[in-house]
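Below is one structure, written out as structure tokens, with a few remarks after it.
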Amino acid sequence: MSTGVAVVFLTVVAARFLLPLLIPYFPLPAVIACLVLDGVDQTIFQSFGYDPPGYQSYDKAMDVYYLAIAYLSTLRNWTSEAAFSISRFLFFYRLAGALIFELTQARWLLLVFPNVFEYFFIAYETIRSRWSPVTLLATWWIGVAGVIWVVVKLPQEWWLHVARLDLTDEIAAHHWVLALIVALLAGLAVAFQRLIRPRLRPADWDWRIRPEPLPAPIDEPHEQSAWRTRNDAVLSWNTLEKALLLGLICGVFGQMLPDFTGSTTDLFIGVAITVVLNAAISLAFARRSWTIRSTALAFAARLLVNVILATVGNGILGRQMDGYDTLFFLTMISLITTLHDRWRPVHEFRREQVAAH
């Protein structure tokens, strides 16, 4: 790999890691940007004469990462409990399927576990940009998920992962395909303008790209820590969700990292232990009202603690760490747990407010 190609490769990979961090603050444009980058990164690599080995595993791992950030942003931003519950199921369902696929390489599994969460997230944020999501019933959101699942994702997953067709290749081989796509898009646009748009109720507000403000009683880090002090515990459903979330994410990345030699079971156990230790330490800090206001600094502090824990643990066990792979997993654990601990109290506060009324 030449220096120029290496720079392009590292730039694209860095963008795939950094761009998702904008999703919590600019949900719709950021997730669409991630979707576009996901679709063009291989083309960018190939245009510079480089076809990354194991691209399929890399692509699935990066998808899992950016969708995890999108899921965490629903904890922070979404006001509809019905939509959130559906999205959580869709996310974990796809995440489990992604890991099973990586372990088995059975491509038909991607048809069984389609990535409905991604488009459901886009649908929610599109609606939220003009209308209040809380006015829509759970049955409506289930219908949205069902339409995306059957009409959009099943054909797409079959095309990409079962038939293994490439749109660019098909257009080059059959020029009528492009004309058909243009005609279909034009037809959908006309149908929307004539059949759907006139039936839409008036918008609740002008276009809103930014999410709703956090509720005032829970919008500061010290208030979020105080909520955890009152309501959280080391051994809790919250800790279990973080352990499951990170176990699945790290399991997918473990199949992608070329130098990682550990088993998925050992990785799950190591992640779970680290998550529990993080929960214990963060709750101990919260009970002493030790709060770092900056999310970035809180992440850095947690990463430092995790590196120390891993170093001490490996010294006690007399084992050699995997170096960069271990640091990567610790970084992922630190990032996800920091964001989860910050934003889950926001979601729970909103849910309690709705229940109280």
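Here are the numbers for this structure:
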| read-out | value |
| --- | --- |
| Options Leu103, Leu72; residue that is touching a His at 6+ places or on another chain (Cβ under 9 Å), in contact (Cβ under 8 Å) with a residue 60 or more places away in the chain and among the aliphatic types (A, V, I, L, M) | Leu72 |
| Set Ile273, Ile249, Ile281: member being out of contact with any strand residue (DSSP E or B) (no Cβ under 7 Å at 6 or more places or on another chain) and over 28 Å from Phe89 (Cβ atoms) | Ile281 |
| Selected residue [among the small types (Gly, Ala, Ser) and closer than 25 Å to Ala61 by Cα] from Ala179, Ala183, Ala145 | Ala145 |
| Any helices (runs of 4 or more DSSP H) falling wholly within the stretch 37-119 and containing at least 1 residues that are charged (D, E, K, R) and surrounded by fewer than 19 Cβ atoms within 10 Å (Cβ to Cβ) | 55-77, 81-104 |
| Residues located in the stretch 13-25, provided they are touching a helix residue (DSSP H, G or I) at 6+ places or on another chain (Cβ under 9 Å) and not charged (D, E, K, R) | Val13, Ala15, Phe17, Leu19, Pro20, Leu21, Leu22, Ile23, Pro24, Tyr25 |
| Residues satisfying the stated conditions in the stretch 1-53, i.e. more than 16 Å from the chain's Cα centre (by Cα) and among the aromatic types (Phe, Trp, Tyr) | Phe9, Phe45, Phe48, Tyr50 |
| Subset of the stretch 254-274 that is polar (S, T, N, Q) and either in the same structural domain as Gln56 (by TED's automatic domain parsing) or under 22 Å from the mean Cα position of the chain (by Cα) (or both) - its residue that is nearest to Val64 (Cα to Cα) | Gln255 |
| Residues of the stretch 126-183 satisfying the condition of being of a type in the set (D, E, K, R) and part of a helix (DSSP H, G or I) | Arg128, Lys153, Glu157, Asp169, Glu170 |
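The values are calculated or read from the model by the stated rules, or taken from the named source; none is laboratory data. In this text, all values refer to a predicted model and were calculated from it rather than measured experimentally. Note that each Cβ is placed from the backbone with ideal geometry, even for glycine, and that neighbours are counted across all protein chains shown.
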